[in-house]
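Notes for the one structure printed next.
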Amino acid sequence: MVEVQDYNAEKPADQRANTTVFLIIQQTQGGNPTFDAPWSEVNPKLYFSLSESSTGVGAEVTTLGATDPSDGSRITNFEKVPSSDPLDYFVVDRTSGRVTLKKNLDYDAMVRKEVNVLVRAIGKNITQFSTAELILRVTDANDNNPVFLERGYSFSISENPNSVFIGRVQASDKDDGDFGRVFYSISGQGADNFYINPQTGEIRLADGATLDRETTQEYTLIVSAADNANGSSTSRNDEVSLKIKVIDYNDHAPEFERSVYQFFKYDNLEAQRSIGVVSAKDNDEGNNGQIIYTINSGNENGMFQLDPQTGLLTSGTPLTGRARDQPYTLQVKAEDRGSPIPLSNYATIQVTIRPSLAADSKPRFEVPERDGVQFNITEVRRRDRVQYS
């Protein structure tokens, strides 16, 4: 019942009226089912996301829900539109609306990183249904190790380099984002002499580092490539060997074993005969350590010859008549074949030539026939120089 009253009436009498209103509620007929939000008829797409590591067979994508507007009941009849899933990735439970995967999803093999399927919710009146488009986005999992492009690297650098750049290593990772972003490092004995750019893999001589080939000819190190350096999940990595060879620089001059060599010969020595050997050592390698011997001064009239490779000193001419108390003094040079500037050092050779008469000649005496017994033939005196060795 509805009552109406006039409160502004001029007459004081009560002015009101009553009437009865009847409301009849009727059930609506028909209407398509409605999926749960955020689905709408205007935008029937539903988005989901799964990590690649969670997309195995039987993995649940979602459980769909829908309402039948005819009586407000929950829909219990769902079906997949077969043509919407040509690769047959999805399974839709008809009664519950639970959507699961039928196949593994390999993120790295997928050109598009999402898969789609259409699902119908069918009302009690099977002619009334609605369709939802499920879009499953697959996110990458860290399931690939970085892989170096080469299984080992070898570089070289001079022990006195003009440039500190040595070389570059490179690795790739099939994953995306932080999972595929590679960071480099080196380790091993002597690794502190080198610096590797963690992003680019470029290897350089470390600031303040010095290399000495005579101390270390080659460094054998390990270079690592790791992904997900800043992530919370486990990092994956790859390792290969790194060899850095130190190339010789001509930083050592030849050094004679002795500063003075003394040789003694008799004056009956023929030409091209051995007198003695000088020897020098050079710690460099290759041409930088190859020594050439020469007579620098003191070789009057070519009396002596010095083999440039072996350091063997020989008589250049017969030494007949060359004996004397004072030694012949030669200055010899040992020079390497280093580039760009050869290095050298010097030593002294003293060759003393003694007369050979006392050592090799047999004395001869002539005695007159008329001289008798006990005739004094001659008086012999012996004087020789003592040589200590």
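Please treat every number below as a calculation from the coordinates, not as lab data. What you are looking at is a predicted structure, and each value in this text was computed from that prediction instead of being measured. Here Cβ is always computed from backbone atoms with ideal geometry, including for glycine, and neighbour counts include all displayed protein chains.
Length gained on full extension, GLN199 to SER297: 29.2 nm, using 0.36 nm per residue less the C-alpha separation. By the rule of a C-alpha distance below 18 Å, with chain neighbours fewer than 8 residues away ignored, the aspartates and glutamates paired with LYS281 are ASP212, GLU214, ASP248, ASP251, GLU255, GLU257, ASP307, GLU335, ASP336.
For ALA229 and VAL42, a Förster radius of 41 Å and the Cβ-Cβ distance give a FRET efficiency of 0.40, rounded to the nearest 0.05. Taking 0.36 nm per residue of sequence separation and removing the Cα-Cα distance, the PHE165/ASP178 pair yields an extension gain of 1.9 nm.
Helices in the chain, meaning DSSP H runs of at least 4 residues, each add -39500 (n - 2.57). Divided by all residues, the mean residue ellipticity at 222 nm is 0 deg cm²/dmol. Express in whole angstrom the spacing between the alpha-carbon centres of the range 282-299 and the range 183-221. Going from one Cα centre to the other spans 34 Å. For the set LYS103/LYS124; LYS45/LYS124; LYS45/LYS174; LYS80/LYS103; LYS243/LYS333, the pairs lying more than 26 angstrom apart at their alpha carbons are LYS103/LYS124; LYS45/LYS174; LYS243/LYS333. Of the labelled figures [x] 32.9; [y] 23.3; [z] 22.0, only one reflects Kirkwood radius over Cα pairs in Å as derived from the coordinates, namely [x]. Counted residue by residue at 0.36 nm each, then reduced by the alpha carbon distance between them, the extension gain from TYR346 to GLU285 reaches 19.9 nm. Spacing of the modelled spin labels on THR314 and TYR249, each 7 Å from Cα toward Cβ, amounts to 4.1 nm.
Once backbone amide H atoms are built at 1.01 Å from N, THR139 has LEU50, SER51, GLU52 as its partners under 5 Å, excluding neighbours fewer than 5 places away on the same chain.
The calculated FRET efficiency for the pair GLU60 and GLU150, based on their C-beta separation and a Förster distance of 35 Å, comes to about 0.20. Ordering GLY286, LEU101, THR317 by Cα displacement along the dipole of the chain toward the positive end leaves THR317 in first place; charges were set at the Cβ atoms of Lys, Arg (+1) and Asp, Glu (-1).
Among residues other than THR220 with Cβ under 11 Å from its Cβ, the summed charge is +1 (Lys and Arg +1, Asp and Glu -1).
Within the range 34-139, the ratio Rg/Rh, alpha carbon atoms throughout and Rh by Kirkwood, equals 0.99. Taking only the C-alpha atoms of the range 231-273, Rg followed by Dmax gives 30.0, 92 Å. Mind checking the range 113-210 for GluC sites (Glu not before Pro) that DSSP puts in a loop (not H, G, I, E or B) and that have at most 16 other Cβ atoms within 10 Å? Qualifying residues, ordered by number: GLU150.
FRET efficiency for the pair LYS113 and THR210, taken as 1/(1 + (r/R0)^6) with r the Cβ-Cβ distance and R0 = 45 Å, rounds to 0.30. If you take the Cα centroid of the range 145-178 and the Cα centroid of the range 37-101, the two points sit 49 Å apart. Here each label is just a point 7 Å from Cα along the line to Cβ, and for THR131 and SER84 those points are 0.7 nm apart. Under 1.5 on a/c is rounded, so check that first for the range 255-354, then, if it is not, pick prolate when a/b is larger than b/c and oblate when it is not; a ≥ b ≥ c are the square roots of the alpha carbon gyration tensor eigenvalues. Judged from the Cα gyration tensor, the range 255-354 comes out prolate (a/c at least 1.5, a/b above b/c).
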